[in-house]
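Nothing in this text is a laboratory measurement; each read-out follows from the coordinates by a stated rule. All of these numbers come straight from a predicted model, not from anything done at the bench. All Cβ positions, even for glycine, are placed from backbone atoms using ideal geometry, and neighbour counts span all protein chains on display.
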Amino acid sequence: MPVPSAIAWQGEDEKTCDRIMIDWHGAHDPMLVRGSERLLHFLHLSSHSSEKQAACSLEIRNREDPDYLAVDERESYRLSIYHGKITLNADGPAGVLHGFATLLQLAGSTAGGVTFHDVTIDDAPRFPWRGLMIDVARHFMSVPALRRQIDAMELTKLNVLHLHLSDGSAFRVESQIFPRLQTVSSHGQYYTQNEIRSLVVYAAERGIRVVPEFDVPGHALAVLEAYPEFAAQPLPAANAACTGGSACIAGSNANNPALDPTKPETLVFVEKLFAEMMPLFPDAYFHAGGDEVVASQWTGNPQIVRYMQAHNYPDASALQGEFTAKIQSFLAAQGKTMIGWDEVLSAPVPKSVVVDVWRSSKWINTATARQHPVLVSSGYYLDLLRPAREYYQIDPYDLMASGLAGPELEHARQIHFRLADAFALDPALPPLNARQKNHVLGGEAVLWTEAVSEQMLDQRLWPRAAVIAERLWSPETVKDVVDMERRLPHIAVQLNRLALTTTQQDREQMLSRYPASSVYALDTLLQVTSPVRNYTINRMIKKAGEDLLTWPVAMAEPDSFSAMRFNQLAEAYVQGDRSVAQQLRHDLEQWAANDGLFEKTIGGVTALETIRPISQQLSSLARAGLEALDGKVDTSRRAQIEKLLTQQQEALAASSWQLLSPPLPQPPGGLLIDIVPGIRALVDGKPTVH
C-alpha cells in the first residue's frame, strides 16, 4: 500500500537473504546512501560481506533530478526481483526512496533473514501532491511526534507535510521580530526556529516537503492576544485555565476573532511575520489560510463598515478578497506560490494561487474552471473519524464525493445554517473535463486536533492515512474495498513496527489512567468499538472539555480490525463455510462474558460508568450471535434481537451527518459497537424457529 501502477508476479519461488549487497550506478549522494542504510536497518540486514551463501544483491540506477523536492519532481521507478537479484531503476532521488518503500513491503520475514518473491513492478504516482496536514495549533505535537509521522509518510509514499501552525488556540513558531507570539500566543508550547529547520531537513532526507500554514485574516485569536492592536473586535475574555487546548475561551468561539484588514499596520505586521517565517520553510508553496472569516467581525465594526462603503465593497467577502490579493502579491514578490482554503475563490487573485478545497467537492469544479491548481482536502478529514473504507472510496475528481445533501441539507436550510449553501453539493454539475483534471495537483489527508492529544496522534492518523495515500498514488482503477481491508491490518503492523514506535506505549499509558483491575475488560470492549463520527466528537469536547481526551472514546479507533475480522467470518459462515464456527463462538463467548468482568471492575469511575450501557449492549449482541449459531432464535427472541439491532442502527445514524447533529440520541460515551454487521448476518442467516 499504495498498490503500484503495474505489478507482475513471476511464479511462486522465493529467495531468502541474510544480507543485501548494494551496488550504485549513476547519480547518488549521501542522502540516498542514508536512505539505503535505513532500508537495511528496517530489514535487520547488513551490506557487509560474509561466508554465508544467502546474499542478495541490490543494483540501483538513478538519474539526476533538478526538480527533486518540488512539485514537478520525477518519482517513477522500476523494481525487479529475480532469484535474489534486485534491480531498482529510478528517474530521480524520489523514485529511489519510493522503490525502497516498496521493497520493504515486499519483504517477508524468516529466522534466516528476509524473503522476496520474484516480481517486476513499474510504478509512478497518479498525483504529484500527496499530503498530510496536521493541526499543531489546537494541540501541540512535539518534534519527535512529527518525526514519527514523517517516517510513516515515507513508507506510504506521501510527500508533503502541511503544518497548520497558527489558529485561535495558539501560534506555534518562535518569532524573533514579534516575541510575544511565543511568550503569549504559544501558551508555552512552540517550535524554535532551529527545531523547524531540523524538521525540514529530516523530512527532506525522506523525500518529503514541508509546507507551512499561517492562517489569516481569520482564526487569529492567539495572534491578537499578543498584539490586540490589529483586532477587528474587542477580544473575548480568556479562560484562566487555558493551556493552549481547544477549550481556551469561556463562552466564545476561539475561531472567530479576525484581523482588521483596513488598518495599514495590519498588513505590515503580516508581511513582516511572513518574511521571517519564509526562510524557515524553503518550499515554493506557502499556505496563508483564509477560511471561515466571520462577517460580523467586520460588519460589526463601524470603522471597517465606513472603509467598505468608501471602497464600494458590498460585503465582508469582497473585503477579504482585497486583503487576500495583497497577501498573494506580497508572497509572489518573495518567490512563493500562495495556497489558500477555497474561500480565496472570492478574491481577485492570479490563476497561480492554489485552491485547497475543503467545504464541498463542488468547489473543485469552480477552482479548476478558473484554471487554479487544486488540492483536494474535502472528504479526507481524518478527524471526522470515519472508517478507512469511506475515505478510500472518495476520488479527487468526484464532484459529489463530500458535502451536504439530502436530509442534512434540508435540515440545514430549515434552521438557516449560515454555511448550508457553501457546503452543499451540486448534483447538476457535469464531471470534470480533461482540462480541469489537469489542474488537480492531488490532495491531503487532514487532521484537525480540537479533540486529539499527542498520545492520540498516531492512531487518529494511521493506518487510515495510508488508504488516502493509496487513493492519491495508485491508478484510478484500484478501488477494491475488500482487498484494501485485507491489506490494511498488515500495513498497520508494519507502520507501528518501523515508524509509529510509540503507538502501543501511548495506548498503554492511556489505559493506565484507569484502575488496573478494569484494564482487561475495558481493552476488550475498545477492541470492538469505534468513536462516534463526523463533528459529534467536537460537540462532545465542547461540553466535557479536555477531560474527554482521557475517556475511553479517545482510545477507540475508527477501524476495529477485530470487529472487521469477525464480520467477515460471520459472512463466510452464513455463506456455508462452517470451518469458521469455532472462531466465531470463541469471540462471541469472550464478548458475552466481558460485561460481567466490566461490572466488577469499573469501581465508580465516571468515564467507565458512562459506557456501562455499551458494555451491556455488546454482551447482549454476543449472546444473540451465540443463539443464532445454535439455531435457538425463536419468534419472540427474534423480536428482542431486532430491537437491539435497531438500537445500534440508530446509534450509528446519530453521528451520520457531516456537519450537523441529527435529532437522535448519541450513544453513551460516544462509542459505537462494530460487530453489528456480523450479528445481523448470523441472525438473518438462520431460519426463525417457530
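Roughly what % of DSSP beta bridges within the chain run antiparallel, to the nearest 5?
Numbers: 28 of 75 bridges.
Rounded to the nearest five, the antiparallel share is 35 percent.
What is the order of LEU432, LEU404, fewest Cβ neighbours within 10 Å to most?
Numbers: LEU432 20, LEU404 25.
Ranked by crowding around the Cβ, least crowded first: LEU432, LEU404.
Annotation note: GluC sites (Glu not before Pro) in the stretch 442-501 located in DSSP loop regions with a Cβ neighbour count of at most 15 within 10 Å are GLU476.
Where does each of 4-12, 335-343, 658-666 land if you order them by average Cβ count within 10 Å, highest first? Don't jump to the answer; show the numbers that get you there.
Working: 4-12: 12.6, 335-343: 21.1, 658-666: 15.3.
Highest to lowest by the protection proxy: 335-343, 658-666, 4-12.
Amide H contacts of GLU64 (H built 1.01 Å from N, in plane; Pro and chain starts excluded): ALA27 sit under 5 Å, all sequence-distant by 5 or more or on other chains. Calculated on the alpha-carbon coordinates, the convex hull of the stretch 435-554 measures out at 142 cubic angstrom per residue.
Determine which aspartates and glutamates satisfy two conditions relative to LYS543: a Cα distance under 20 Å, and not lying fewer than 8 residues away in the same chain. Candidates past the 8-residue exclusion: ASP383, GLU450, GLU609. Summarising the amide proton neighbourhood of LEU58: residues at separation of 5 or more, or on other chains, whose placed amide H is nearer than 5 Å comprise MET21, ILE22, ASP23, ILE86. Taking the DSSP beta bridges with both ends in the stretch 6-123, the antiparallel portion is around 60 percent. Remark: the stretch 648-661, residue by residue, has Karplus-estimated 3J(HN,Hα) of 6, 5, 5, 4, 5, 5, 5, 10, 8, 7, 5, 10, 9, 9 Hz, where x stands for each Gly or Pro and the curve is 6.51 cos²θ - 1.76 cosθ + 1.60 at θ = phi - 60°. The calculated pair-distance distribution of the stretch 270-325 uses every alpha carbon pair, bins of 10 angstrom beginning at 0, and gives 20, 41, 25, 15, 0 percent.
Could you compute the net charge surrounding THR87? Neighbours are other residues with a C-beta less than 9 Å from the C-beta of THR87; K and R count +1, D and E count -1.
Working: positive: ARG61, ARG78, LYS85; negative: GLU59.
Within the 9 Å Cβ shell, the charges total +2.
Would you work out if the stretch 518-561 is rounded, prolate or oblate? Take a ≥ b ≥ c from the square roots of the eigenvalues of the alpha-carbon gyration tensor; rounded if a/c is under 1.5, else prolate when a/b is larger than b/c, oblate otherwise.
Details: a/c = 3.65, a/b = 1.48, b/c = 2.46.
Oblate.
Tell me, what is the percent relative contact order of the chain, built from C-alpha pairs under 8 Å that lie six or more residues apart?
Working: 1328 pairs, mean separation 76.4, N = 690.
Dividing the mean separation by the residue count of the chain yields 11 percent.
Diagonalise the Cα gyration tensor of the stretch 107-224 and give the resulting equivalent ellipsoid semi-axes, square root of 5 times each eigenvalue, largest first, whole Å.
Details: eigenvalues 268, 49, 25 Å².
Working through the eigenvalues yields semi-axes of 37, 16, 11 Å.
When log10 I(q)/I(0) by the Debye sum over Cα atoms at q = 0.05, 0.09, 0.10 Å⁻¹ is computed from the coordinates, the matching label among [x] -0.56, -1.06, -1.11; [y] -0.34, -0.87, -0.99; [z] -0.26, -0.85, -1.04 is [z].
Annotation: lysines with alpha-carbon distance below 21 angstrom to LYS643 (same-chain offsets under eight excluded): LYS632, LYS686. In a DSSP loop and with at most 14 other Cβ atoms within 10 Å, the trypsin sites (Lys or Arg not before Pro) in the stretch 492-575 are ARG513.
Send over the semi-axes of the stretch 435-505's equivalent ellipsoid, whole angstrom and largest first, taken as the square roots of 5 times the C-alpha gyration tensor eigenvalues. Intermediate results must be reported in sequence, preceding the final value.
Values: eigenvalues 132, 63, 17 Å².
They are 26, 18, 9 Å, listed largest first.
Near the amide H of GLU444, within less than 5 Å, lie the amide hydrogens of GLY131, VAL376, SER377, all on another chain or at least 5 residues away, with H placed in the peptide plane.
Residue-wise HN-Hα couplings along the stretch 79-93, as the Karplus relation 6.51 cos²θ - 1.76 cosθ + 1.60 with θ = phi - 60° gives them from phi, are 10, 10, 10, 9, 6, x, 8, 10, 10, 10, 10, 9, 8, x, x Hz; Gly and Pro carry x.
In order along the stretch 11-26, the Karplus-derived 3J(HN,Hα) couplings, from 6.51 cos²θ - 1.76 cosθ + 1.60 at θ = phi - 60°, round to x, 9, 5, 9, 10, 9, 10, 9, 6, 10, 8, 9, 10, 8, 10, x Hz, and Gly and Pro are given as x.
Reducing the stretch 543-592 and the stretch 152-190 to their Cα centroids gives an inter-centroid distance of 37 Å.
Summing +1 for each Lys or Arg and -1 for each Asp or Glu, what net charge is found among the other residues whose Cβ lies under 11 Å from the Cβ of THR366? Here the charged neighbours net out to +1. Entry note, the chain: the mean residue ellipticity at 222 nm calculated from DSSP H runs of n ≥ 4, each adding -39500 (n - 2.57), is -12500 deg cm²/dmol after division by the residues and rounding to the nearest 500. The Cβ shell under 13 Å around ASN312 holds other residues with a net charge of -1, Lys and Arg each +1, Asp and Glu each -1.
Using only Cα atoms, figure out Rg for the stretch 6-123 and give it as a multiple of 2.2 N^0.38 Å.
Values: Rg = 14.0 Å, N = 118, 2.2 N^0.38 = 13.5 Å.
Cα-based Rg divided by the globular estimate yields 1.04.
Which of the lysines could be linked to LYS351 by a straight reach, that is with a Cα gap under 30 Å, when you skip same-chain ones fewer than 8 residues away? By straight Cα distance, LYS351 reaches LYS157, LYS263, LYS272, LYS326, LYS336, LYS362, LYS437.
If each residue's Cβ is checked for other Cβ atoms within 10 Å, how do LEU259, LEU224, LEU104 rank with the fewest at the top?
LEU104, LEU224, LEU259
For the stretch 512-684, report the translational diffusion coefficient in µm²/s to the nearest whole number, using Stokes-Einstein at 4 °C, 1.567 mPa s, and a Kirkwood Rh over Cα pairs. Could the numbers behind the result be given before it?
Working: Rh = 16.6 Å.
Answer from the Stokes-Einstein relation: 78 µm²/s.
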